[in-house]
Amino acid sequence: MRTKAAAYPYIAWGMLFIAIPLGLIIYFSFTDSAGALTFDNIIRVGKYSNVVVKSVWLSAVSTVICLALGYPIAYYMSRASAMTSRTLLLLIMLPMWMNFLLRTYGWMSILENSGLINQFFGLLGLGPFHLINTQGAVVLGMVYNYIPFMILPLHSVMLKIGNDVIEAAQDLGASPRHVLTDVVIPLSLPGIKTGVILVFVPSVSTFVISQMLGGGGNQLIGDIIELQFLGNAYNPNLGSAISFVLMLIVLLLMSVTGFIGDDLEENLI
């Protein structure tokens, strides 16, 4: 009885901050301003399909880059000495102690036409290059802000892969490539799946990064949602519908990723 009672605060927290907000989103998605049932909001989401596709694509690219960069970093940290691992972990988390807007604003100063990168190229007689207000700048902002969420779960999982396991594979004649593909990757798949989710979900719904680094020509679905709640075209019903559809898309993609990951894990192991 005491065990059940201890769970009540968590149930209340989940109801207050998860179930009720989701219920409100679903309610507003299928009602008009007068509260009448309608499917017009869901239908109108279709005109933003190109923005949804672009958001998913840029988020997927950012997630792949974060995985490609974060995997070797996490592996090195897991094999390094305790002091080196703690130092690198601190350096990775240190930018996260700074405000998200300030970090993104810093990249505006670096990428703008008179920014640090173009000033460097100017010394070489090159440029200026148009770096700001591009899709590449948006991807760069996503990778910079979210790569810690890829490294941390990977590092946590890789710490559990003992050196004796790797040494046993090497003693049995496995090459470095086979050690990676047949031992390390299969054992680190839970961290990969967690990192992919933690990077992809905030990337696909971001609006600050696209506004500050992408300009008006690189709007993502998060920008459209924000406009429905804070812009001149105030329409919380349509904004809720877009959020609801985006949530379904993310859940579908995560389900597919989970199934693929499970099959891959079974085949590798």
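Every number here is computed from the coordinates shown, using simple stated rules; none is lab data. This is a predicted model, so every value here is computed, not measured. Cβ: placed from backbone, ideal geometry, glycine included. Neighbour counts: every protein chain shown.
What's the whole-number percent of alpha carbon pairs in region 1-60 lying beyond 13 angstrom?
74 percent
Close amide-amide hydrogen proximity is noted between THR31 and THR38, each under 5 Å apart and 5 or more residues distant or on a separate chain (H modeled in the peptide plane; Pro and chain starts excluded).
Packing here is the average count of other Cβ atoms within 10 Å per residue, and on that basis the peptides 101-114, 171-184, highest first, run 101-114, 171-184.
Segment ALA7..ALA233, full-extension length gain: 77.1 nm, with 0.36 nm per residue of separation and the alpha-carbon distance subtracted.
Based on the Kirkwood radius over alpha-carbon pairs, what is the Stokes-Einstein translational diffusion coefficient of the chain at 25 °C with 0.890 mPa s viscosity, in µm²/s? Answer, rounded: 114 µm²/s. Every Cα-Cα pair in region 145-269 was counted, and those over 18 Å apart are 66% of them. Alpha-carbon geometry of region 65-220: the Rg and the Dmax are 18.9, 57 Å, given in that order. Spin-label model, ILE25/HIS130: points 7 Å from Cα along the beta carbon direction are separated by 3.5 nm.
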